[in-house]
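A.B. asks: Let me begin by handing over the structure; questions about it come next.
The values are calculated or read from the model by the stated rules, or taken from the named source; none is laboratory data. No experiment lies behind these values; they were computed from the predicted model shown. Ideal geometry is used to build each Cβ from the backbone, glycine not excepted, and the neighbour counts take in all protein chains shown. Side chains are part of the model used for accessible areas, which takes the heavy atoms of the whole protein and leaves out ligands, DNA and RNA. Shrake-Rupley method; radii C 1.70, N 1.55, O 1.52, S 1.80 Å.
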Amino acid sequence: MGSLKSFMDQLTYQFSLSNQELKEIAQSFGEEMAKGLGGQPSSLKMLPSYLANPTGKEKGSFLALDFGGTNVRILLVELLGEGKITVTKQKSFPLAGEGYNYMVSTAKELFDFLAQQITQFIDQDKTYYLGHTFSFPFRLEGVNKGILLNWTKEFDVSGVEGQDVMELLHHSLAQKGADNVILAAILNDTVGTQLTAAYQDPQCQIGSIIGTGHNTCYLEKGIIINMESGNFNKLSLTRYDQILNKDSEEPDSQWLEKMASGRYLGEIVRLIMKEMEEQGLLRESYPYHWTEKYSFSSAQMSQILSKKEENILTQVCALVRLRSIQLIAATYLGILEHLGNPVNIAIDGSLYEKMPDYAYLLQQTMQEIYPNPITIKLTKDGSGMGAAIAAALCQNK
Ligand code: GLC
């Protein structure tokens, strides 16, 4: 049996990367970008969005559906021009609750449920243009036609992969008689974040989500590209990552996401703590069952980090947080180097917004590895408001 100190030294070695290592990851990220853009096999899908940055002058009232995590949101958004946006009405509801779980269901059950929520939200005698933020990898075949390539974030709804998500939604809405809803645009949440930030700041050319999932988009020759960077796989996995990956819904996909996003960080901590417990290294006792899968969440991790107590669990949480930050920073560096000039980065997502010190440490890491000044800013609600901007940009297409 090894000592606690040697275990922690090993863990620190595995979970903290040097600036040199980050630059190497950035470089291989750049290579994957180039391959994906060139149509060669790559872990980055590099999916064109058909959308460019807005001017900030777009105006009007639009309906937004924000679907991609444990909660769905419907919003009525008013674009006022001059970079100003307000949300006039919204509702949020969970996809899973007492006796139901639409994250693991059939396409019909899921889309009928969404259509029902939309019809309850709107007035029957008004016409709405709807933008749909669909936070999964899909291929566009038109501004309002998106084919789901594969589910991520442990979603498993049968009959949607390979299908046009907007057609499924349209069908369910039509059955409910809601022909006053015009499905104008489908977009990824990173793209929504980018559009929202760019509505106010044209210098913003990278949009990213660090929440339940992780992904980034950027502006390539005037068009926003959804990279699906959560699938980046030129990374070395620790044994904890390997166990997590093997036990996930889609093993061998979304490596970066599984190492860096909110859906998984708590589970990595749990796997480490479980191993320490099995090796008899834990002297302190904690009120958690380290043997039960996914029983420790990233939200709990945030609580632990906010207490700043000096114990092993805090150290483990900090290491897992640090690696998430470093890996994501390395991908941003890869994009900035690909672009060749400094641009601002907009980020939305619960981990970035709520995990203690996450935003600060990300900024600090970027400063260490990228020589030019850039602004990294929280774009709250970007995925919802961005759907309205997309609908405005596409309403006449
Ligand atoms: C997952 C999805 C991606 C989304 C991200 C953040 O990585 O595949 O499309 O942008 O989660 O929600």
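A.B. asks: Please give the number of the condition Thr119 fails out of (1) touching a helix residue (DSSP H, G or I) at 6+ places or on another chain (Cβ under 9 Å); (2) in a loop (DSSP other than H, G, I, E, B); (3) among the polar types (S, T, N, Q).
C.D. replies: (2)
A.B. asks: A follow-up question, please. If we keep just the residues of the range 197-218 that are part of a strand (DSSP E or B) and not hydrophobic (A, V, I, L, M, F, W, C), which is farthest from the ligand (Cβ to nearest atom)? Break it down stepwise before answering.
C.D. replies: Step one: list which residues in the range 197-218 are part of a strand (DSSP E or B), which gives 204-210, 214-218.
The next check asks that each one be not hydrophobic (A, V, I, L, M, F, W, C); those that pass are 205, 207-208, 214-216, 218.
On the way: Gln205: 17, Gly207: 10, Ser208: 9, His214: 6, Asn215: 3, Thr216: 8, Tyr218: 13 Å.
The qualifying residue farthest from the ligand (Cβ to nearest atom) is Gln205.
A.B. asks: Could you check Lys397 against (1) surrounded by 18 or more Cβ atoms within 10 Å (Cβ to Cβ); (2) more than 16 Å from the ligand (Cβ to nearest atom) and say which number it fails?
C.D. replies: (1)
A.B. asks: Just to be sure before I move on: is Ser253 more than 11 Å from the chain's Cα centre (by Cα), within 10 Å of the ligand (Cβ to nearest atom), under 28 Å from Gly382 (Cα atoms) and not in a helix (DSSP H, G or I) in the structure I sent? Don't jump to the end; show me each part of the working.
C.D. replies: Values: more than 11 Å from the chain's Cα centre (by Cα): yes; within 10 Å of the ligand (Cβ to nearest atom): yes; under 28 Å from Gly382 (Cα atoms): yes; not in a helix (DSSP H, G or I): yes.
The answer is yes for Ser253.
A.B. asks: Any residue at all in the range 261-272 that's in contact (Cβ under 8 Å) with a residue 24 or more places away in the chain, touching a strand residue (DSSP E or B) at 6+ places or on another chain (Cβ under 8 Å), part of a loop (DSSP other than H, G, I, E, B) and of a type in the set (Ser, Thr, Tyr)?
C.D. replies: Within the range 261-272, one or more residues are in contact (Cβ under 8 Å) with a residue 24 or more places away in the chain, touching a strand residue (DSSP E or B) at 6+ places or on another chain (Cβ under 8 Å), part of a loop (DSSP other than H, G, I, E, B) and of a type in the set (Ser, Thr, Tyr).
A.B. asks: Can you find, within the range 55-65, the residue that is nearest to the ligand (Cβ to nearest atom) among those that are open to solvent by 20 Å² or more (accessible area, probe 1.4 Å) and of a type outside the set (Gly, Ala, Ser)? Let's see the steps before the verdict.
C.D. replies: Going through the range 55-65, the residues open to solvent by 20 Å² or more (accessible area, probe 1.4 Å) turn out to be 55, 57-61.
Checking the rest, the ones that are also of a type outside the set (Gly, Ala, Ser) come to 55, 57-59.
Working: Thr55: 24, Lys57: 27, Glu58: 23, Lys59: 27 Å.
Across the range 55-65, the extreme among qualifying residues is Glu58.
A.B. asks: So which of Asn372, Asn341 ends up being open to solvent by 60 Å² or more (accessible area, probe 1.4 Å) and closer than 20 Å to Met227 by Cα?
C.D. replies: On the way: Asn372 fails: closer than 20 Å to Met227 by Cα.
Being open to solvent by 60 Å² or more (accessible area, probe 1.4 Å) and closer than 20 Å to Met227 by Cα holds for just one of Asn372, Asn341, which is Asn341.
A.B. asks: Separate question: Is there any pair linking a residue in the range 219-232 that is without any contact (Cβ under 8 Å) to a residue 40 or more places away in the chain and outside any strand (DSSP E or B) to one that is of a type outside the set (Val, Ile, Thr) and away from the ligand (no atom under 12 Å from the Cβ), with Cβ under 9 Å and at least six apart or on different chains, and which?
C.D. replies: Going by the 9 Å Cβ cut-off, there are no qualifying pairs.
A.B. asks: Quick one: in the range 37-50, of everything that is under 21 Å from Ser236 (Cβ atoms) and under 21 Å from the mean Cα position of the chain (by Cα), which residue is surrounded by the most Cβ atoms within 10 Å (Cβ to Cβ)?
C.D. replies: At the first step, the residues of the range 37-50 found to be under 21 Å from Ser236 (Cβ atoms) are 41-44.
Subsequent filtering for residues that are under 21 Å from the mean Cα position of the chain (by Cα) retains 42-44.
Details: Ser42: 20, Ser43: 22, Leu44: 27.
Taking the candidates together, the pick is Leu44.
A.B. asks: Let me ask something else about it. Would you please name the residue that is nearest to Glu249 (Cα to Cα), looking only at residues in the range 134-164 that are of a type in the set (Gly, Ala, Ser) and more than 14 Å from the ligand (Cβ to nearest atom)? Steps first, answer last, please.
C.D. replies: Filtering the range 134-164 down to residues of a type in the set (Gly, Ala, Ser) leaves 135, 142, 146, 158-159, 162.
Right, trim to more than 14 Å from the ligand (Cβ to nearest atom) and you get 142, 158-159, 162.
On the way: Gly142: 30, Ser158: 13, Gly159: 16, Gly162: 18 Å.
Per the criteria, the residue is Ser158.
A.B. asks: Which ones in the range 71-116 are open to solvent by 40 Å² or more (accessible area, probe 1.4 Å), without any contact (Cβ under 8 Å) to a residue 40 or more places away in the chain and assigned to a loop (DSSP other than H, G, I, E, B)?
C.D. replies: Within the range 71-116, Glu82, Glu98, Gly99 meet the criteria.
A.B. asks: Just a yes or no: is a residue in the range 380-392 open to solvent by 20 Å² or more (accessible area, probe 1.4 Å) and closer than 30 Å to Leu17 by Cα? I'd like the intermediate steps shown before the answer.
C.D. replies: Quick first cut of the range 380-392, residues open to solvent by 20 Å² or more (accessible area, probe 1.4 Å) only: 380-381, 385.
From what is left, the residues that are closer than 30 Å to Leu17 by Cα are 380.
For the range 380-392, residues open to solvent by 20 Å² or more (accessible area, probe 1.4 Å) and closer than 30 Å to Leu17 by Cα: present.
A.B. asks: Restricting to the range 158-213, give me the number of residues that are within 30 Å of Met355 (Cα to Cα) and surrounded by 22 or more Cβ atoms within 10 Å (Cβ to Cβ).
C.D. replies: Qualifying residue count, the range 158-213: 24.
A.B. asks: Would you mind stating whether Ser248 is among the polar types (S, T, N, Q), part of a helix (DSSP H, G or I) and farther than 27 Å from Ser3 by Cβ?
C.D. replies: On the way: among the polar types (S, T, N, Q): yes; part of a helix (DSSP H, G or I): no; farther than 27 Å from Ser3 by Cβ: yes.
The answer is no for Ser248.
A.B. asks: Here's a follow-up. Please work out which residue is farthest from Gly69 (Cα to Cα), limiting yourself to the range 227-250 and to residues that are open to solvent by less than 20 Å² (accessible area, probe 1.4 Å) and within 14 Å of the ligand (Cβ to nearest atom).
C.D. replies: The extreme case among them is Phe232.
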